[in-house]
Amino acid sequence: VNNETILSVNNIEVIYDHVILVLKGVSLTVPRGGIVAILGANGAGKTTTLKAISNLLGAERGDVTKGSIEFLGEEVQALSPNNLVRRGCIQVMEGRHCFGHLSIEENLLTGAYTRKEGAAVIKRDLEMVYDYFPRLRERRKSQAGYTSGGEQQMCAIGRAMMANPSMILLDEPSMGLAPQLVEEIFEIVKKLNVNEGVSFLLAEQNTSVALRYASYGYILEGGRVVMDGAAKDLAENQDVKEFYLGVG
Ligand code: ATP
């Protein structure tokens, strides 16, 4: 790992319930300030890879049994998810996970729970999130459980931003959303990347949108990386076109 690399996953193996081998040696790197996509079909191991990084496998009886994971040059497998958040790496889980009974604004504020700065700094960051997500400002008093799927996805990303991260692991942000909303959300991700310098590792089944916004992609099949490359090269690859883009 050098200064240019924010995350490096080296040959990790993940086993669920002591017997189910799901990741069979996955390696990937995310450059500082990059947007990298993990692509692949349902069940390929995308979510497992993200959870391995953020140390969320314990609740699922999963273990990283081989390999190493370095964030900012530090081995992070022994860190709790909270400690990783404090160091700047946070995961937005698939299915959004807003607190349905809290307002949008309360949800966003819970994202700052690991921070020690005073109220003024938190307030400033809340305004920053609202500037990126004007819909959330409009809906700030609404109970999150009654907002749309797109608004909940925005809330989940905004909540992650409230932790002041340098890296966000984003699981399937397009899931269940209309194409126009998917585009809107990816546009905001791109802006957060460019303007705030946040690096992204995103898992997506929507290959075509992911390859338009990411600079690099890894294709997972059966718990292995079967192909990786610059996003524009993957988008033009004949096999990718045929199997993942439904063209060619
Ligand atoms: P999805 O789009 O469904 O999230 P994915 O590519 O993210 O797919 P994973 O969720 O990582 O795939 O699942 C990879 C494999 O691991 C699948 O075969 C799945 O059945 C299995 N798996 C996932 N979670 C568990 C678990 N808690 N216990 C046992 N097997 C699991």
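The values are calculated or read from the model by the stated rules, or taken from the named source; none is laboratory data. From a predicted model like this one, the values you see are computed outputs, not experimental measurements. Here Cβ is always computed from backbone atoms with ideal geometry, including for glycine, and neighbour counts include all displayed protein chains. Accessible surface is based on the protein model in full, side chains and every heavy atom, while ligands, DNA and RNA are left aside. Shrake-Rupley method; radii C 1.70, N 1.55, O 1.52, S 1.80 Å.
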(Q) Give all pairs with beta carbons closer than 7 Å in which a residue from segment 154-174 that is part of a loop (DSSP other than H, G, I, E, B) meets a residue that is open to solvent by less than 10 Å² (accessible area, probe 1.4 Å) and among the hydroxyl-bearing types (S, T, Y); count only pairs at least 6 apart in sequence or on separate chains. (A) S166/S199
Q: Tell me, please, whether a residue that is at negative phi, open to solvent by less than 40 Å² (accessible area, probe 1.4 Å), in contact with a Leu (Cβ under 9 Å, 6 or more places away or on another chain) and modelled with pLDDT of 95 or more can be found in segment 80-88.
A: no
Q. Which residues, taken from segment 1-27, are of a type in the set (A, V, I, L, M, F, W, C), open to solvent by 50 Å² or more (accessible area, probe 1.4 Å) and either assigned to a loop (DSSP other than H, G, I, E, B) or near the ligand (Cβ under 8 Å from one of its atoms) (or both)?
A. V1, V19, I20
Q. Under the condition of being more than 16 Å from the ligand (Cβ to nearest atom) and out of contact with any Phe, Trp or Tyr (no Cβ under 7 Å at 6 or more places or on another chain), which residue from segment 28-41 is most open to solvent (accessible area, probe 1.4 Å)?
A. R32
**Q.** Failed criterion for R135 (all others in (1) open to solvent by less than 40 Å² (accessible area, probe 1.4 Å); (2) within 13 Å of C155 (Cα to Cα); (3) in a helix (DSSP H, G or I); (4) not β-branched (V, I, T) hold)
**A.** (1)
Q. Do we have T49 as open to solvent by less than 30 Å² (accessible area, probe 1.4 Å), under 19 Å from A231 (Cβ atoms) and outside any loop (DSSP other than H, G, I, E, B) here?
A. yes
(Q) Anything in segment 217-242 that is in a helix (DSSP H, G or I) and among the acidic types (D, E)? List them, or say none. (A) D233, E236, D239, E242
Q. In segment 53-71, what residues are in contact (Cβ under 8 Å) with a residue 24 or more places away in the chain and near the ligand (Cβ under 9 Å from one of its atoms)?
A. L57, E60, R61, G62
Q) Assuming Y113 fulfils every condition listed in (1) open to solvent by 80 Å² or more (accessible area, probe 1.4 Å); (2) under 20 Å from the mean Cα position of the chain (by Cα); (3) closer than 21 Å to S174 by Cα apart from one, which condition is it? A) (3)
(Q) Checking the structure you have, find out if any residue of segment 187-196 is in a strand (DSSP E or B) and buried (at least 19 other Cβ atoms within 10 Å of the Cβ). (A) no
Q: For Q77, work out the one condition from (1) away from the ligand (no atom under 12 Å from the Cβ); (2) of a type in the set (S, T, N, Q); (3) surrounded by 20 or more Cβ atoms within 10 Å (Cβ to Cβ) it doesn't fulfil.
A: (3)
Q: Could you tell me whether any residue of segment 96-108 is open to solvent by 10 Å² or more (accessible area, probe 1.4 Å), assigned to a loop (DSSP other than H, G, I, E, B) and within 16 Å of the ligand (Cβ to nearest atom)?
A: yes
(Q) Return the residues of segment 175-204 that are at pLDDT 95 or above and either among the aromatic types (F, W, Y) or within 16 Å of the ligand (Cβ to nearest atom) (or both); say none if nothing qualifies. (A) V182, F186, F200, L201, L202, A203, E204
**Q.** Counted residues, segment 143-155 - those being surrounded by 24 or more Cβ atoms within 10 Å (Cβ to Cβ) and closer than 17 Å to K190 by Cβ
**A.** 2
Q.
When you check K123 against the structure, is it surrounded by fewer than 18 Cβ atoms within 10 Å (Cβ to Cβ), of a type in the set (K, R) and part of a loop (DSSP other than H, G, I, E, B), yes or no?
A. no
